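In what follows, a single structure is set out as structure tokens and then discussed.
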Amino acid sequence: MALLEILEFPNPKLRTKAAQVETVDERVQAIVRDMLDTMYDASGVGLAATQVDIHEQIIVIDVSESRDEPQVFINPSIEIVDEEQFEYDEGCLSVPGFYEAVTRPKHVRVTALNEQGESFTIEPEGLLAVCIQHEMDHLQGKLFVDYVSNFKRNRIRNKLLKKQRTRA
């Protein structure tokens, strides 16, 4: 089990756009395992590779109550199926301790590769759809705090910077 360091906002590396994975091989599978270990250890429901300073299009998610149904999305693409919006109080392992309401499409279609390199398509709704969109934002260098006002974002930024300074 290898735990990876989770970057925290406002680390500029979180703004890096992730590159497509060229080949799903043992290296990528090891990254997936380490990301899952890291996500579970941090009590998260999702983690994008960008958050652990790996700038490739890899996402791991587990929204199950039992925390034993991991899902892997490599090179994901998304399409909105229904314009109906869903508001959810989102949190983020890279923005620890903060939750803000974010509105996103409720029903999407996602096509990706799994950890074996096999293509699949799902049409999640509700929490899973929100989680996938949240993690896909990370792959584009976007954070959930980008959906809130500048005032709230700066307040969160300043609080996290203060907390990071006291840890150093």
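The values are calculated or read from the model by the stated rules, or taken from the named source; none is laboratory data. The structure presented is a predicted model; accordingly, all values stated were derived computationally and were not measured. Glycine gets a Cβ as well: all are built from the backbone with ideal geometry, and neighbour counts include every protein chain shown.
The table for this structure:
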{"item": "Residues located in segment 130-147, provided they are among the aliphatic types (A, V, I, L, M), modelled with pLDDT of 95 or more and out of contact with any Leu (no Cβ under 7 Å at 6 or more places or on another chain)", "result": "Ile132, Met136, Leu139, Val145"}
{"item": "Single match in Glu22, Glu56 (criterion: at pLDDT 95 or above, surrounded by 15 or more Cβ atoms within 10 Å (Cβ to Cβ), of a type in the set (D, E, K, R) and closer than 20 Å to Gln140 by Cβ)", "result": "Glu56"}
{"item": "Candidate set: segment 1-53, residues that are in contact (Cβ under 8 Å) with a residue 24 or more places away in the chain, among the hydroxyl-bearing types (Ser, Thr, Tyr) and in a loop (DSSP other than H, G, I, E, B); chosen: the one farthest from Gln71 (Cα to Cα)", "result": "Thr16"}
{"item": "Cβ pairs under 9 Å, 6+ apart, first in segment 97-120 and closer than 30 Å to Leu161 by Cα, second polar (S, T, N, Q) and modelled with pLDDT under 95", "result": "Thr103/Gln85; Arg104/Gln85"}
{"item": "Options Glu69, Glu84: the member that is at pLDDT below 95 and exposed (fewer than 12 other Cβ atoms within 10 Å of the Cβ)", "result": "Glu84"}
{"item": "Hits in segment 61-113 (condition: of a type in the set (Gly, Ala, Ser) and either assigned to a strand (DSSP E or B) or closer than 15 Å to Met136 by Cβ (or both))", "result": "Ser77, Gly91, Ser94, Gly97, Ala101, Ala112"}
{"item": "Qualifying residue in segment 122-144 (condition: surrounded by 14 or more Cβ atoms within 10 Å (Cβ to Cβ) and either more than 18 Å from the chain's Cα centre (by Cα) or at positive phi (or both))", "result": "yes"}
{"item": "Every pair of residues 6+ apart whose Cβ atoms lie under 7 Å, when the first sits in segment 152-168 and is more than 19 Å from Glu100 (Cβ to Cβ) while the second is charged (D, E, K, R)", "result": "Gln164/Glu8"}
{"item": "Qualifying residue in segment 132-152 (condition: more than 30 Å from Ala19 (Cβ to Cβ), assigned to a helix (DSSP H, G or I) and of a type outside the set (Phe, Trp, Tyr))", "result": "yes"}
